[in-house]
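Enquirer: Got a structure here, written out as structure tokens. Questions coming.
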Amino acid sequence: MARLPVYFIPHGGGPWHVMNDAFDDPVGYGHLKEYLEKLGRQFSQEIKAILVISAHWEEDVPTVHFGSNPPLLYDYYGFPESTYHLNWPAPGNPELADQIENLIRASGFTTKREYHRGFDHGTFVPLMVAFPKAHIPVVQLSLVKTLEPATHIKLGKALEPLRNEGVLIIGSGMSYHNMRGFMSQNSNTSDNAQKFDDWLTKTVLNNDINARNQALKNWQKAPAAMECHPRSEHLVPLFVAAGAAGNDTGNIDYSGTLMGVKISGYKFG
């Protein structure tokens, strides 16, 4: 099987995919939906499994989900009752989970196992759109609570061999994530998002892999970095993706706006 690329995708806000008003941004969210549907069509017949690193799961050490039939974790608040009864019965894959755990441990990490936690909305929302048949096994891997960039680039590097074995690695987060900024929708928010997005895209597209990863480790020095990510959990899945990319260069795979804010997604390889 050909070596698969690695993705960092935006997963949007809450259960946007079933919200009729799409947070009053049907154009922006419509564009995101089209992107995810296209991604699913591209890989629905070509991959053996999916590994997701979501912004919505943090543990003290890298934790691998070993469940065979994970439920959904409705980890959002204040939405219509129907959004807490969604169904997307993608199977887990304990055998792949074991392989992932071994790769991570071989890189010097201590790991944990999880059996009962459901797929959070950073996983099931975008994948429901991309792979509605829920026919491809999915394994989820946690972030480390420190959110340290170097740790997560190293974590991603440990996962790189999976790309040669039919496993699609997806980092699910947001290139901009400041809830107060989303709600304000003012010119300062848009300007800050654009400044940081320009820097992030330039960094990801850098053909010097060492320089790319070093810049990502120092992301807080980027223009408007802290205004766009007061806390970095939605950016950290990108660090894992960059690590799993190895020496592969990055490209813009998604470019759009959500609620007036610039949002990007990237593909490596």
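The values are calculated or read from the model by the stated rules, or taken from the named source; none is laboratory data. Keep in mind that this is a model prediction, so the values were computed, not measured. Note that each Cβ is placed from the backbone with ideal geometry, even for glycine, and that neighbours are counted across all protein chains shown. Heads up: the accessible areas ignore ligands, DNA and RNA and are worked out on the full protein's heavy atoms, side chains in. Shrake-Rupley method; radii C 1.70, N 1.55, O 1.52, S 1.80 Å.
Enquirer: Tell me yes or no: at least one residue of region 76-90 is under 18 Å from the mean Cα position of the chain (by Cα), part of a strand (DSSP E or B) and surrounded by 19 or more Cβ atoms within 10 Å (Cβ to Cβ).
Expert: no
Enquirer: Across region 220-242, what is the number of residues that are outside any loop (DSSP other than H, G, I, E, B), open to solvent by 10 Å² or more (accessible area, probe 1.4 Å) and within 22 Å of Gly122 (Cα to Cα)?
Expert: Selection size over region 220-242: 2.
Enquirer: Right, another one. Of everything in region 50-104, what is in contact (Cβ under 8 Å) with a residue 12 or more places away in the chain, of a type in the set (S, T, N, Q) and over 13 Å from Asp120 (Cβ atoms)? Give them in sequence order.
Expert: Within region 50-104, Ser68, Asn69, Ser82, Thr83, Asn87, Asn93, Gln99 qualify.
Here is a yes/no grid of residues against (1) more than 19 Å from Ser264 (Cα to Cα); (2) among the small types (Gly, Ala, Ser); (3) over 14 Å from the mean Cα position of the chain (by Cα):
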position	(1), (2), (3)
Gly122	no, yes, no
Pro126	no, no, no
Lys133	yes, no, yes
Pro137	yes, no, yes
Leu141	yes, no, no
Arg163	yes, no, yes
Met174	no, no, no
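Enquirer: Mind listing just one residue for me: the one in region 56-73 that is assigned to a loop (DSSP other than H, G, I, E, B) and touching a Ser or Thr at 6+ places or on another chain (Cβ under 7 Å) and, of those, surrounded by the most Cβ atoms within 10 Å (Cβ to Cβ)? Break it down stepwise before answering.
Expert: At the first step, the residues of region 56-73 found to be assigned to a loop (DSSP other than H, G, I, E, B) are 60-62, 66-71, 73.
In the following step, the residues that additionally are touching a Ser or Thr at 6+ places or on another chain (Cβ under 7 Å) were identified as 61-62.
Values: Val61: 12, Pro62: 25.
Per the criteria, the residue is Pro62.
Enquirer: Another question about this same structure. Taking region 215-238 as the search range and keeping residues that are in contact (Cβ under 8 Å) with a residue 60 or more places away in the chain and in contact with an Asp or Glu (Cβ under 9 Å, 6 or more places away or on another chain), which one is farthest from Leu168 (Cα to Cα)?
Expert: Ranking the candidates gives Lys217 first.
Enquirer: Among residues belonging to region 1-19 that are within 14 Å of the chain's Cα centre (by Cα) and outside any loop (DSSP other than H, G, I, E, B), point out the one that is surrounded by the fewest Cβ atoms within 10 Å (Cβ to Cβ).
Expert: Once the filter is applied, the top-ranked residue is Pro10.
Enquirer: Can you say whether Gly246 is in contact (Cβ under 8 Å) with a residue 60 or more places away in the chain, of a type in the set (Gly, Ala, Ser), on the phi > 0 side of the Ramachandran plot and open to solvent by 10 Å² or more (accessible area, probe 1.4 Å), as far as the supplied structure shows?
Expert: Values: in contact (Cβ under 8 Å) with a residue 60 or more places away in the chain: yes; of a type in the set (Gly, Ala, Ser): yes; on the phi > 0 side of the Ramachandran plot: yes; open to solvent by 10 Å² or more (accessible area, probe 1.4 Å): no.
Considered against the rule, which asks whether it is in contact (Cβ under 8 Å) with a residue 60 or more places away in the chain, of a type in the set (Gly, Ala, Ser), on the phi > 0 side of the Ramachandran plot and open to solvent by 10 Å² or more (accessible area, probe 1.4 Å), Gly246 comes out as no.
Enquirer: Would you check which residues across region 186-211 are under 22 Å from the mean Cα position of the chain (by Cα), surrounded by fewer than 17 Cβ atoms within 10 Å (Cβ to Cβ) and acidic (Asp, Glu) and list them?
Expert: Asp198
Enquirer: Continuing with this model, one more query. Do any helices (runs of 4 or more DSSP H) lying entirely in region 111-189 carry at least 2 residues that are at pLDDT 95 or above and basic (Lys, Arg), and which ones are they?
Expert: 149-159
Enquirer: May I pose another question? May I ask you to list pairs of residues, at least six apart or on different chains, whose Cβ atoms are under 8 Å apart, with the first in region 110-134 being among the polar types (S, T, N, Q) and the second being part of a loop (DSSP other than H, G, I, E, B) and surrounded by fewer than 17 Cβ atoms within 10 Å (Cβ to Cβ)?
Expert: Listed pairs, sorted by first residue: Thr110/Val61; Thr111/Val61.
Enquirer: Is there any pair linking a residue in region 20-43 that is open to solvent by less than 90 Å² (accessible area, probe 1.4 Å) to one that is among the acidic types (Asp, Glu), with Cβ under 9 Å and at least six apart or on different chains, and which?
Expert: Matching pairs, first to second residue: Tyr35/Asp253; Leu39/Asp253.
Enquirer: What residue, among those in region 138-159 that are open to solvent by 30 Å² or more (accessible area, probe 1.4 Å) and not polar (S, T, N, Q), is farthest from Phe239 (Cα to Cα)?
Expert: Filtering region 138-159 for residues that are open to solvent by 30 Å² or more (accessible area, probe 1.4 Å) and not polar (S, T, N, Q), the one farthest from Phe239 (Cα to Cα) comes out as Lys145.
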